[in-house]
Amino acid sequence: PVSHQVRLLRMTYADSATGKVDETKFAFLIEDPAHVAVRAGGKILKEQGAGPDDLEPKAATLAYLFQYLIGNTDFSFSALHNSELVALPTGTNLPIAYDFDYAGAVNATYSAPDPTLPINTVRQRLYRGFCQQNVHVPEVLPLFQQKKAEIYALYTDSIGALMSPKVVKETLSYFDEFYSTIADPKQVDRRIVRECRDNK
């Protein structure tokens with residue numbers, strides 16, 4: 001629920017002087033950050049530099065595991081890069097992720113991982129959560145299992161049907177890899193828990 005609401009549309013671009021239509025193509029509208037914050041019961045945090053201890057632990061774990069599911073490393077909650085933080089009255093902050101064009105699940109032709117990371121393509125997953133959040137991994141992972149059917153259904157509903165069957169097949173296969181990992185405690189330990197980042 002702590003995410004931007006998005007609506008797909010077909011956008012027609014026209015010359016404002018002549019009214020001549022240039023093109024019509026898919027686009028999307030995204031909810032204003034302030035509206036997301038109000039729905040979450042807080043306000044958008046403008047300052048950078050939040051560390052893992054500044055984030056609501058379970059929400060942060062969920063956010064990092066979601067990024068792992070879609071294979072996204074192009075974000076930073078601390079630097080507010082492709083992300084936002086909602087400051088709650090309790091003093092904790094909820095992370096919000098957006099802008100997923102560099103995610104492995106999207107696999108954009110122009111995407112490439114940060115060269116400082118130990119991966120060669122965006123299709124390689126790398127867990128970016130922090131070690132102090134590892135305690136919450138076992139309680140958050142079942143949510144992904146509970147939502148699996150709904151996640152996969154996004155690729156077969158009326159909007160998913162707009163994608164090419166090849167892209168759908170490749171994306172669901174990519175998600176299969178994630179679900180194979182989280183179904184095996186040894187892989188969870190090796191690929192997620194042990195890959196955590198120290199807060200240094």
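The values are calculated or read from the model by the stated rules, or taken from the named source; none is laboratory data. What you see is a predicted model, and the numbers here were worked out from it, not measured in a lab. Using ideal geometry, Cβ is built from the backbone for each residue, glycine included, and neighbour counts are taken over all protein chains shown. To get the accessible areas, we keep the full protein, side chains included, count just its heavy atoms, and leave off ligands, DNA and RNA. Shrake-Rupley method; radii C 1.70, N 1.55, O 1.52, S 1.80 Å.
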*State yes or no: is LEU85 under 24 Å from ASP32 (Cα atoms), at pLDDT 95 or above, open to solvent by 30 Å² or more (accessible area, probe 1.4 Å) and not in a loop (DSSP other than H, G, I, E, B)?*
no
*Any pair with Cβ under 8 angstrom, 6 or more apart, that starts in region 148-160 at a residue that is modelled with pLDDT of 95 or more and ends at one that is of a type in the set (S, T, N, Q) and not in a helix (DSSP H, G or I)*: none
*Of (1) over 12 Å from the mean Cα position of the chain (by Cα); (2) outside any loop (DSSP other than H, G, I, E, B), PHE66 satisfies all except one. Which?*
(1)
*Look through region 155-174, keep the residues that are hydrophobic (A, V, I, L, M, F, W, C) and open to solvent by less than 100 Å² (accessible area, probe 1.4 Å), and return whichever of them is farthest from the chain's Cα centre (by Cα).*
ALA161
*asked:* I'd like the residue in region 47-63 that is assigned to a loop (DSSP other than H, G, I, E, B) and charged (D, E, K, R) and, out of all such residues, is most open to solvent (accessible area, probe 1.4 Å).
replied: GLU47
_Where PHE178 falls short, out of the listed (1) hydrophobic (A, V, I, L, M, F, W, C); (2) over 15 Å from the mean Cα position of the chain (by Cα); (3) modelled with pLDDT of 95 or more_ = (2)
*Can you tell me which residue within region 1-46, out of those that are assigned to a strand (DSSP E or B), in contact (Cβ under 8 Å) with a residue 40 or more places away in the chain and open to solvent by less than 90 Å² (accessible area, probe 1.4 Å), is farthest from SER76 (Cα to Cα)?*
LEU8
_Search result, residues across region 182-200 that are touching a residue at least 40 places away in the same chain (Cβ under 8 Å) and assigned to a helix (DSSP H, G or I)_ = ILE182, VAL188, ARG191, ILE192, VAL193, GLU195
*Among the numbered criteria (1) within 24 Å of ARG123 (Cβ to Cβ); (2) surrounded by 14 or more Cβ atoms within 10 Å (Cβ to Cβ); (3) of a type in the set (A, V, I, L, M, F, W, C), which single criterion is violated by ILE96?*
(1)
*Would you mind finding the one in TYR68, TYR102 that is at pLDDT 95 or above, surrounded by 11 or more Cβ atoms within 10 Å (Cβ to Cβ) and touching a Phe, Trp or Tyr at 6+ places or on another chain (Cβ under 6 Å)?*
TYR68
*Could you please give the count of residues in region 99-150 that are of a type outside the set (Val, Ile, Thr) and outside any loop (DSSP other than H, G, I, E, B)?*
18
